[in-house]
1. Within the group 85, 125, which residue is at pLDDT 80 or above, in a strand (DSSP E or B) and assigned by TED's automatic domain parsing to the domain that holds residue 493?
2. Just the residues that are of a type in the set (S, T, N, Q) and assigned to a strand (DSSP E or B), please, taken from the range 420-456.
3. Look through the range 306-323, keep the residues that are of a type outside the set (Ser, Thr, Tyr) and buried (at least 20 other Cβ atoms within 10 Å of the Cβ), and return whichever of them is farthest from residue 365 (Cα to Cα).
4. Provide a single number: the residues in the range 576-593 that are surrounded by fewer than 20 Cβ atoms within 10 Å (Cβ to Cβ) and either not hydroxyl-bearing (Ser, Thr, Tyr) or not assigned by TED's automatic domain parsing to the domain that holds residue 468 (or both).
5. So which of 58, 67 is modelled with pLDDT of 75 or more, touching a strand residue (DSSP E or B) at 6+ places or on another chain (Cβ under 9 Å) and more than 30 Å from residue 770 (Cα to Cα)?
6. Which strands (runs of 3 or more DSSP E) sit wholly inside the range 674-738 and have at least 2 residues that are within 19 Å of residue 767 (Cα to Cα)?
7. Cβ-Cβ below 9 Å, separation at least six or inter-chain, first residue in the range 444-455 and of a type in the set (Asp, Glu), second assigned to a strand (DSSP E or B): which pairs?
8. Among the residues of the range 241-270 satisfying the criterion of being over 24 Å from the mean Cα position of the chain (by Cα) and of a type in the set (A, V, I, L, M), which is surrounded by the fewest Cβ atoms within 10 Å (Cβ to Cβ)?
Amino acid sequence: MKQLKLIFLISLISFTGISQIEISGLIKDTNGPVSFASIVLKDSINTIKTYDITDQIGSFILETDKGSYTLEINILGYKELKKQIVIENSQVLEDIFLEPSTEQLDEVVIKNRKRLIERKPDRLIFNVENSIAASGGNALDALRVAPGVTVENDAISMIGRGASRVMVDGRMLQLSGEELVTFLNSIVASEIKKIEVITNPPAKYEAAGSGGLINIIYKKGVRNSWKNSTTVAYNQNTYNFFNVANNFLYSKNKVKLGLSVNGNIGAIREIEDFITKYPNGPWDARIKAKQQKDNLSGRISLDYDVSKMISIGAQYLGNFNRPDRKDKTITNIFNSTNRLDSIFDSSGKNESEINSHLYNFHLISKIDTLGRRASFDFDYFDYDNKLKRDYIVNTLSPDDNFLNINQAAINSSNQRIDNFSGKVDIEHPFESINLSYGAKLSFIKTVNDLVSLNTITGEPVFDPILSNEFEYKEDVQALYLNASKEIKKKWRMQVGLRVENTITEGFSKTLDQTNKNDYLKLFPTFYIAYQKNENNDFSFNYGRRIKRPSFRILNPFRTFTNSSTYSEGNPFIQPSFTDSFEFNYTHKEVLTTNIFFSTTSNGFGTVFTADKENNIQAVIRRNYYTGYKGGIGEIYTFNKISWWESQNQVFLIGYKSDFDIDLDAEPKNGFQLYLDTYNTFSLSQSTKLQVDLFYSSPYKDRLLDYGERYGLDIGIKQGFFKNNLRLSLYVKDIFDTGSMNNIVSEVDDVEVNYSSNYSRRFFRFSLSYNFGNRKIRVRDRKFGNDEETKRAN
């Protein structure tokens with residue numbers, strides 16, 4: 001540990017960003033800006049390196065490496081423009097003027113636009129700003145419609161790969177479960193440029209996340225301009241909520257500023273169903289809840305070019321959430337003859353206050369003119385969740401007569417998470433190979449203090465059995481080295497190694513119990529690609545990942561829903577490790593064959609167990625399995641018709657597991673068929689129609705059977721006043737068939753069937769207005785904001 005810290009400090013002192021070069025500009029004609037023009041950058045062998053689409057003020061941004069390129073600009077109604085450029089540094093190009101085409105058309109053909117979904121060798125890119133489904137929503141809504149990503153209750157995962165970790169602008173969020181969902185609800189979708197779905201991340205990224213990484217990337221302002229976007233949205237399910245968001249971006253000379261604020265007010269409906277089949281009769285529980293979505297969030301970012309060599313910046317994200325909740329649970333208890341024996345009638349109310357703050361300071365610098373770059377990030381994150389829950393469980397007779405109070409309490413909890421991290425990333429190119437390396441230190445401390453007052457008698461009485469104080473600390477020190485090389489412009493190879501040392505300590509003050517872990521692990525990565533010609537690309541990659549248990553899972557305390565149902569953590573849970581292999585073949589940039597396989601060792605998860613004699617249901621956590629997943633998928637982009645773009649995926653996935661401990665249950669192995677199709681129809685230059693469909697077959701994995709799911713979403717977007725004003729209408733899950741359902745577990749001969757629906761079907765109306773200044777007069781247009789770039793990690 002001391003050696004890792006020393007290396008980190010030496011790197012911190014010796015080097016001062018890591019970034020690609022960024023070029024930007026404006027596309028115009030004699031009447032003003034040209035929107036929706038396609039900007040393509042090609043290398044010397046005519047391979048597309050990157051591309052963009054101009055926005056409503058005609059601006060574009062391209063990110064690439066040094067070199068000589070051909071800049072191609074295309075849009076219907078204008079002559080194609082090709083321009084040779086040599087890129088050495090970030091720069092703002094002179095305004096580019098297009099000439100009208102003399103060709104006459106018999107019908108209206110829609111202009112080019114950036115694809116909704118892009119495929120790259122190591123990731124999928126979902127362009128949120130082009131999605132009708134994400135209009136007026138938040139980051140969680142955007143993730144719900146990202147291809148291959150599922151968001152169910154408090155879990156975010158990739159199809160066939162498992163739970164994923166989430167980053168924002170390349171910075172890992174030290175949150176999971178309910179805390180992560182709450183935070184993502186505070187990020188408005190209109191601020192997001194794109195979402196990167198990275199199935200097998202390279203060594204420079206943290207090794208956490210067996211299901212890969214999801215990177216949410218904010219929009220950046222165009223140089224020497226300012227822009228403001230205001231969005232108002234109305235969402236209707238059983239209940240409704242309103243959203244108002246404003247995003248302001250400003251850039252001039254050496255300064256780039258971003259300000260945003262987002263507010264929600266209203267509520268959503270939550271439904272959960274549990275059917276537990278005991279030998280002496282089933283218990284059927286249905287939970288209905290009204291969950292408030294009242295919150296206010298804001299973001300401030302500032303970047304400044306100190307010189308041509310150094311840029312510094314800071315960022316703050318704040319979230320102030322009041323997710324109060326009212327719920328009612330009816331549990332029908334049947335006897336062995338399937339006749340209703342009694343009823344648990346539970347009513348509860350939560351008063352919540354959740355505040356979080358994320359602070360970032362970063363420095364990006366050129367070390368020399370040979371391409372060496374370095375970046376530093378210092379982050380501090382704090383999360384505070386204060387909750388007061390008042391609930392009562394009454395026992396009723398079959399004819400609804402009161403019998404007794406089964407349980408009643410007021411629980412007050414204060415949960416706090418503090419995380420500090422610092423990292424340095426170095427890019428060090430040589431003539432024959434490109435090296436990148438870096439280090440990171442991360443320190444997490446969490447405190448969970450629960451005080452329970454028994455109120456069965458009507459007077460609050462402190463209950464030491466149900467009160468709990470738990471502290472958890474996690475320190476991670478990491479180093480990585482990555483090397484890449486291009487061979488004869490046909491082969492590209494990359495190899496990396498990340499080493500992470502993890503020290504954890506969990507202390508239950510209530511149980512006077514301390515559990516410690518200290519482990520050093522290696523995480524290799526490998527990537528190789530072959531471009532046979534411009535129509536055929538092959539690639540293979542391998543990576544090793546770790547999944548660490550959250551502090552909630554490690555908390556050994558037992559919490560009760562009623563006197564017969566409880567949930568319990570396990571301080572002895574160990575991390576699991578996943579080795580992933582992936583092969584891709586892409587034909588003509590429209591058809592990709594994806595073959596993947598992964599193995600998970602020491603896997604942990606939730607197990608439903610039961611005391612059959614006393615009808616007690618327990619939810620526990622264990623390291624219990626070795627898992628195998630594999631599949632083959634076809635991804636096809638249809639763009640042969642100018643007014644119709646279709647992105648399609650179909651996957652066949654196999655699941656197999658072996659249990660490492662005796663659970664009195666058989667592993668559930670099987671296959672899953674998953675497909676989705678995302679279709680955008682351009683009805684006119686300013687009218688877009690989106691129709692999306694997904695299907696997931698029933699399948700089995702580990703301890704669970706999963707039911708069939710499918711969903712149809714339809715949205716339409718209409719632009720006014722040169723697309724500065726945009727109206728969107730969107731209906732999600734029209735048939736209300738996309739929620740998790742019929743999830744069946746059978747352990748100790750007791751079957752549990754679970755289903756949930758968290759307002760998956762809803763209607764959204766949103767209105768967005770953009771305005772700004774196309775060009776701000778600057779002192780030195782040639783350099784502008786040359787050093788500010790997208791930061792690689």
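1. Values: 85 fails: assigned by TED's automatic domain parsing to the domain that holds residue 493.
After ruling out the rest, the residue left standing is 125.
2. 421, 434, 436, 442, 446, 448, 452, 454
3. Out of the qualifying residues, it is 323.
4. Qualifying residue count for the region: 9.
5. On the way: 58 fails: more than 30 Å from residue 770 (Cα to Cα).
It is 67.
6. Working: elements: 687-696, 699-701, 704-706, 709-720, 725-732.
Correct list: 687-696, 709-720, 725-732.
7. Matching pairs, first to second residue: 449/412; 449/413; 449/414; 449/415; 449/416; 449/468; 449/469; 449/470.
8. Restricting to residues being over 24 Å from the mean Cα position of the chain (by Cα) and of a type in the set (A, V, I, L, M), the top hit is 255.
The values are calculated or read from the model by the stated rules, or taken from the named source; none is laboratory data. Predicted model, so just to flag it, every value in this text is computed and none were measured. Cβ: placed from backbone, ideal geometry, glycine included. Neighbour counts: every protein chain shown.
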